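Notes follow the structure.
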Amino acid sequence: MANPDKLKLVKDLSHKAIAFSIARVPNSNRVYFGCSDFKVYEADVSASKFEPKDLYAHGSYVTGVALAGKALISGGYDGKLTWYDTDSKKVIRSEEAHSKWIRGVFASRDGKIVASIADDMVCRLWDAESGKPLRELRGHAEKTPHGFGSMLYAAAFSADGKYLATADKVAKIKVWEVATGKSVAEMEAPIMYTWDPVQRLHSIGGIRSLAFTPDGKTLAVGGTGKIGNIDHLEAKARIELFDWAAQKRLVEYTSDKYQGIVNHLEYAPDGSWLLGAGGANEGFFIFIDAAGKKTLRGEKVGMHVHDVASSENAETVIAAGHNKLAIYEMKG
Amino acid sequence: MGKHKTFCGSGDHAISRRGFLGTAAALGTAAFADMTQLNLLSNPALAGELKKQQKRVILLWLAGGASQVETWDPKPGAATGGPFRAIQTAMPGVHISELMPRMADRMKHTLVIRSLNTKNADHGGASKLMMRGRRDEANVKFPDLGAVVAREMGRADSKVPDYVTFYTQTEGRGMAPGDAGFLGSRYAPMELTTNNMPENIRKVDGISELDHQQRADLRDLLSKQFAQGRTSPTLGSQNEAYQRVRGLMSSEALFDITKESDKVRDMYGRGQFGEQTLIARRLIEAGVPFVRVARAWWDSHGQNFETHQEMVPELDQVMAALIDDLKDRGLLEHTLIITLAEFGRTPSINPSLGRDHFASAWSCSLTGTGVKPGVYGKSDATGNKVAEGEVDAAKLFATIYSALGINPHKNYYLGARPIPLVEPGTEPITEVLA
C-alpha cells in the first residue's frame, strides 16, 4: 500500500526538453511523454541508461498523452490529436481536433473514451479505438471578463467514466454527463484566477488540474492562490474540494510551504489521500488527507512538475517536468 | 463631412507654402491659438499643408519588456522558440509570430530591427536608456525622445501640448517617466496616469471667461515686470508653460473618443490600450508632435506564453488599426509609429515557463515616415546573440531622428557647452532610411 511517509526519490532522468505530459503503460516501467521539442517519446524508466526513443512529432508543444488500450493518443498546441498504435509502432490517425491549443488529453479508465480540451473552449469526446468524434461539450466562455481569450486548462473523468469535469482560466468548473453531454453541475474557484487591473493589466492563474475521488462524490480542483505580483507564480499552491453534485465548496486548502501552480491531482487508490504536484521555479509534491484539512507530506521536487503517472497501487510515482523525469517510490 | 474626408490627404487640396501662410493669415490667429478642434482643420488646404510640414511620432511603449520571440523575431524549431508558430508576412521571406496576423498583412509598412544589443537588462536603467538613447552624465540630464521631438517638431504658436504620455498602470511607471532633461519644463510631457482625460484642465465654474483672461493678463504683466533685468532659461520656460495653459484647457475634446464612430473604436478595440492609442491618433492629427502610449506590463518571468497570448493579439490589433487609420487619413507618411520597450526577453525558458530580462539581441519596429519597410539585422539561430547588424540605443535614436528629418549630430547647448543629440560618433542605419 502506497504510503506518502515513505516517499523517496529513486532517480532523476535528465531530458533535453520540457516534459509536459506523461502516460504509463499499465504494470510496466514503460512511459510515453510529450515535450517542448514537439516530440512524443517512449522510454523504459527502469533501464540502467535512460534513452528515450523519439516516436513522432507534433507541430508545437505536446501537452497531452493518454493511453487507451494499445492506442496512445497525443495532443498539442498545434490543435492536432494523433493516434499511435503502440503494437505496430505507427501513427494511425491524426485529426485537426481543435482550432486552438490543446491543453490536455484524458482517457476514461475503461479506455473507451478520450477527451481533449483546448483553448477554443471546447471539450471533445472521441471513441478511443476508432477515433470517431462522439460529442462536443461547450459552455466555457471564450473570453475572460476583461476581453481576452480564455483557456480551457483541465479535465478529469470520474472513475466509473460516467462524468467528466472541465475547468478554465477564469476558474469556472463544469461537470458533464458523458453519455449525454449534458452539463450537470457548475462551480467556481475564483481565487485561482488573478486579474490585475492596476499594476500590470493582464491575468495569470486558472484551474490547472482536477480529480474525482474514487467514489466520485468529491471533486478536487488545483491551481494557485491570488497572486500579488503576476510577473511570477508567487502565490501558494492551492487546492479546493467540492461536493460537485451539491455544487458546494467543502474545503479550501493552501499550502503553507510551496509556491506555484498545482498542475496535477490524483487520489490514492483507496481515496485516503490526495497528491497535488506542480511548481513555480521549483517543484513540489503535496499530500493531503482525504478531508483536505491536513498536510500529510510535502516534498520539494527538483523541477517544476507538469504531469504525473503513477503505478496502479501508487507505490511508484513518475513525474514529468522541466527538462527532467523523476521516479519516486512510496512503498508502505 | 466625415473626418476621413476632412483629412483625406488628397493632392486635390494641395497648396503652396505661400498659399498656406496666406490661408493661415486669413483664418487669423484664432486658428493657431486653438488647434484643438479637429473640425477646425476642415479647410482641406490648411490640413494638407500641415501634414507636409509636421512629422509626428506615436511611441507604443511596451513597458516591462515584450518578448521578441513571440512578436518580431520568432525562432521556430529552436529549443528557445516556444510554442508559437511563425507566419509569412506580406513582405516576401519575412516571418513574424502567429500572434500578429494583422501586422503580418501590414508588414509592407513596417521596418523591424532584430539586432538590438542595448546591454542593460535592468528595468530602471534600461527604461531611461531606451527613452533617451543615451545615459545621463553626472552633470547632464538628457531629454527623452518625446522632449526632443517636442522641441524639434513643436510649433511655437501651437497651443496643443507638444508631448503627451499615457501610462496608466502603476508598474514601471516611475522607471520610465517622460523627462525633458536639460530642455526644461517647456518640453516636459503632459502625463496622463489615472484616466484618459487630463485632470484639472477645466476652468473652475465660478470663474467667468473674462475673469480667467484678466487673471492671465495680470500674471503676464507681473511676470514681465519681474523679468526686467533678469535672464533665466527657467523663467522663460515658466512663462511659456503659462502661455500654453489656455490652449491646454481647451484641448479636452481631443481626449474624448466618444466623438469617434463605433466602427473606428471597434477597430482599435475597447480596451485601455486601444482607446489610448486612438486618442494618440486624435492628438497627432490635431498637431501634437509626440505621444507615448505605454502598455504595461510585459514582464513575464512566469507563464510567458500565457501572458503573450493575452497581450500580443491586443498589440497586433492596436498597431494594425493605427496603421490603417493613419493611412486612411493621409497621415501615415508623416507619422512614425515606434514600438519599443526597455529590453526584450531571454530566449531560454525558465522553469516557470517564463522568459527573463534580455538586452543582448532583441527587436523593435518603426512604421511610417522616413523608413524603408523590411527587416534590418539578425539574431542567431537560438536568439541569444546578434548575428548581423548590431544596433545599440544610440544608433537606434540616430536612425529615428534621421527618419524624422532631425540631424542626429545637431548640438544643443547647455550654457556654452555643446551637447550633441546622440552619442558622438554614432551614425544612423542609413540602409533603412527612406
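The values are calculated or read from the model by the stated rules, or taken from the named source; none is laboratory data. Here the structure is a predicted model, which means the values were calculated and not measured. We place every Cβ from the backbone using ideal geometry, glycine too, and count neighbours over all the protein chains shown.
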Practice problem: Evaluate the stretch A:270-278: report whether one residue or more is free of Cβ contacts under 8 Å to residues at least 60 places away in the same chain, within 11 Å of chain B (Cβ to nearest Cβ) and not basic (Lys, Arg). | Solution: no
Exercise. Being buried (at least 18 other Cβ atoms within 10 Å of the Cβ) and touching a Ser or Thr at 6+ places or on another chain (Cβ under 8 Å) is the filter; apply it to the stretch A:291-315 and report the residue that is farthest from the other protein chains (Cβ to nearest Cβ).
Key: A:Ser310
Quiz item: Can you pull out the residues in the stretch A:316-329 that are crowded, with 24+ Cβ neighbours inside 10 Å and outside any strand (DSSP E or B)?
Solution: A:His322
Exercise. Please go through the stretch A:178-212 and pick out each residue that is away from chain B (no Cβ under 14 Å) and touching an Asp or Glu at 6+ places or on another chain (Cβ under 7 Å).
Key: A:Val184, A:Ala189, A:Ala211
Quiz item: When both residues are 6+ apart or on different chains and their Cβ atoms are under 8 Å apart, which pairs have a first residue that lies in the stretch A:126-152 and is in contact (Cβ under 8 Å) with a residue 60 or more places away in the chain, and a second that is polar (S, T, N, Q)?
Solution: A:Ala128/A:Ser108
Quiz item: Take the residues of the stretch A:107-148 that are surrounded by fewer than 17 Cβ atoms within 10 Å (Cβ to Cβ) and within 14 Å of chain B (Cβ to nearest Cβ): which is nearest to A:Arg93 (Cα to Cα)?
Solution: A:Glu142
Quiz item: Given the structure, is A:Arg238 within 14 Å of chain B (Cβ to nearest Cβ), at pLDDT 95 or above and either closer than 17 Å to A:Ala167 by Cα or in contact with a His (Cβ under 8 Å, 6 or more places away or on another chain) (or both)?
Solution: no
Practice problem: Say whether the condition of being part of a loop (DSSP other than H, G, I, E, B), touching a residue at least 12 places away in the same chain (Cβ under 8 Å), of a type in the set (D, E, K, R) and farther than 24 Å from A:Phe106 by Cβ is met by at least one residue in the stretch A:210-226. | Solution: yes
Practice problem: Being assigned to a strand (DSSP E or B) and over 21 Å from B:Pro83 (Cα atoms) is the filter here, so list the residues in the stretch A:107-122 that pass it. | Solution: A:Ala107, A:Ile113, A:Val114, A:Ala115
Practice problem: Residue by residue through the stretch B:284-317, note down the ones that are at the interface with chain A (Cβ under 8 Å from one of its Cβ atoms) and of a type in the set (A, V, I, L, M, F, W, C). | Solution: B:Ala296, B:Trp297, B:Met311
Quiz prompt | Single match in A:Lys100, A:Lys89, A:Lys8 (criterion: of a type in the set (Lys, Arg) and within 14 Å of chain B (Cβ to nearest Cβ)) | solution = A:Lys100
Quiz item: Among all residue pairs at least 6 apart or on different chains, which show Cβ distances below 8 Å where the first residue, located in the stretch B:346-361, is more than 8 Å from chain A (Cβ to nearest Cβ) and the second is surrounded by fewer than 24 Cβ atoms within 10 Å (Cβ to Cβ) and of a type in the set (Phe, Trp, Tyr)?
Solution: B:Thr346/B:Phe358; B:Pro347/B:Phe358
